[in-house]
Amino acid sequence: MNKRQSDIIKVLYRNGGYMTFAELAEMMNVSVKTVRNDISAIKESLSEKSSVETKPHVGVKLIMDESEWKSISGKGDCADKEICFFIIRQLLKNGNLTAQGLAEKYYIGRGELEKILEEVSGWFMENHILFERKRGKGISISYSEFNYRLACLSFYREYIPFFEGKVNVGDAKYAFLNRSEYSAMCAALDGFDPDRAARSIIETEQDFGLEFNYDSGVNLIFLISLCILRTRKGKSVTMPKTAKCPTDGESGRIFAEKTAEKLEKEYNISLSEEEINFMAFAADISEIRQFESESARRKFEAMNIELCRFTVKAVNLISEVAGIDLREDRFFVKQMFMQLKATTSRLKYGIICKNRLLVQIKTKYPNMMAVAWFMENIFEKELELEINEHEVGFLALHIGGAIERQLSMLSACIVC
């Protein structure tokens, strides 16, 4: 079966009803005769569970077993994923979309369309955006600017392969992304080049003597690029009202102010107070990979002195529950401080940072998860924050590593 015949199967499957040979010929940019020959070849290649029905003056219809459809489409629900990508992208760009136009573009049957729209509706709901369908008006979304920006980030991270190759760009000079990832980010930002924003962030990291981990660095570049892009479009963000948390430090705000100064010169724009607050939020929820020196670490800790106290309480509790004194493990204490900085900020704003290793952690290290869950009490008592299992999973990894080091008889290890 050649690619065109495979494409005909996909069109017929999505449509769900009869299509004329002329319609298929126009879509495939071939003659009607070629389509008739392709349909004959398709009939011969299908299993007994599937069939192609043809009716004179009506057209052709595909009846296909789901398992065979998955094998032909290659990636199972990849076709549906592509349609979801198109719908979400159009709604985030334009705010509305007609179901009729969607059906005509992809030749989707009513049943298939309803299933896809239900999935898309769930995606928007998960990202705190209202998804509405009105008869005669199509599909639309409504949102706050804060939730819109986080949804754009979520959309980019989930659909990176679909963005790749959408725009033509060279290699990034400052953004630590390979060409395909950099191209994807530029496409997700509607052609905006985030490289100069990346340079401003990196320079501020150097000022602070710290380095964010890879995922947080990518997210930070994307969110700060959105600050510039949306400011240019006259879209102003308003930060959600949240109660002041005892562990709120000054580092995020100072980081944002220094970065804003660089961005304003770089892009010749003026960033509002709320935009700087948004950048402070983006910095606070980012995870630090390392500090360049002990002096840089101490300066950062001085900006977050209450978090230092909370970290000490957390380490004391973990030591008591686990029955192993981890207070002298300086590496563990430092790692917990950096993890708790991002965790408390995310919890304060209700941000769910999905832990991609959560299933494996719960399966392989249930005891570590149980120890980490004991921290729920001090989060509620000291900070009035409700911790979730994704953050518990992150903490469990640090606890597990510390306990392994305590139990190990090795003082040094060479890994080749």
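We did not get these values from a lab; they are worked out from the coordinates using the rules stated. Bear in mind that the values here come from a model prediction, so they are computed numbers and not experimental data. Every residue, glycine among them, receives a Cβ derived from its backbone with ideal geometry; neighbour counts consider all protein chains shown.
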Can you list, bin by bin at 20 Å, the percent of alpha carbon pairs in the chain, starting at 0?
22, 45, 26, 7, 0
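For TRP373, what charge total do you get from the other residues with a beta carbon under 13 Å from its beta carbon, if Lys and Arg give +1 and Asp and Glu give -1? Walk me through the numbers on the way to the answer.
Values: positive: LYS362; negative: GLU376, GLU380, GLU386, GLU389, GLU391.
Result for the local shell: -4.
Add -39500 (n - 2.57) for each DSSP H run of 4 or more in the chain, then divide by its residues: what number comes out at 222 nm, to the nearest 500 deg cm²/dmol?
Working: 20 runs with 256 residues, N = 416.
Result for the chain, helices only: -19500 deg cm²/dmol.
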Give me the dipole magnitude in Debye, nearest 20, for the chain about the Cα centre, with unit charges on the beta carbon: positive for Lys and Arg, negative for Asp and Glu.
1020
Along the charge dipole of the chain, Cβ charges K/R +1 and D/E -1, which of GLY191, ILE361, ALA175 sits furthest on the positive end?
GLY191
Dipole magnitude of the range 211-296 about its Cα centre, charges +1 at Lys/Arg Cβ and -1 at Asp/Glu Cβ only, in debye to the nearest 20?
520
Provide the gained length on full extension for the span GLU261 to ASN2, in nm with one decimal, where the gain is 0.36 nm per separating residue minus the Cα-Cα distance.
87.6 nm
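Can you give the extra length, in nm with one decimal, that the chain gains between ASP171 and LEU407 once fully stretched, where that is 0.36 nm per residue apart less the Cα-Cα distance? Write out the running numbers ahead of the final one.
Working: separation 236, 0.36 × 236 = 84.96 nm, distance 4.61 nm.
Length gained between ASP171 and LEU407: 80.4 nm.
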Within the range 228-326, which trypsin sites (Lys or Arg not before Pro) sit in a loop by DSSP and count at most 11 neighbouring Cβ atoms inside 10 Å?
LYS233, LYS241, LYS244
Charge-dipole axis of the chain as Lys and Arg at +1 and Asp and Glu at -1 on Cβ define it, positive-most pick from GLY400, ILE318, ALA260
ALA260
How long, wide and thick is the range 169-285, going by the Cα atoms along their three principal axes, in whole angstroms, largest first?
44, 33, 23
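Assign one of three labels to the range 295-356, namely rounded, prolate or oblate, based on the Cα gyration tensor with a ≥ b ≥ c the square roots of its eigenvalues; rounded applies when a/c is under 1.5, prolate when it is not and a/b is larger than b/c, and oblate otherwise. Show your work: numbers first, answer last.
Values: a/c = 1.93, a/b = 1.16, b/c = 1.66.
The shape class here is oblate.
Please sort 278-284, 375-381 by packing, taking for each peptide the average over its residues of neighbouring beta carbons within 10 angstrom, highest first. Write out the running numbers ahead of the final one.
Values: 278-284: 25.1, 375-381: 15.0.
Peptide ranking by packing, descending: 278-284, 375-381.
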Step through the table entries LYS241/LYS334; LYS93/LYS134; LYS341/LYS364; LYS3/LYS105; LYS93/LYS137, compare each Cα-Cα distance with 21 Å, and write down the pairs that go over it.
LYS241/LYS334; LYS341/LYS364
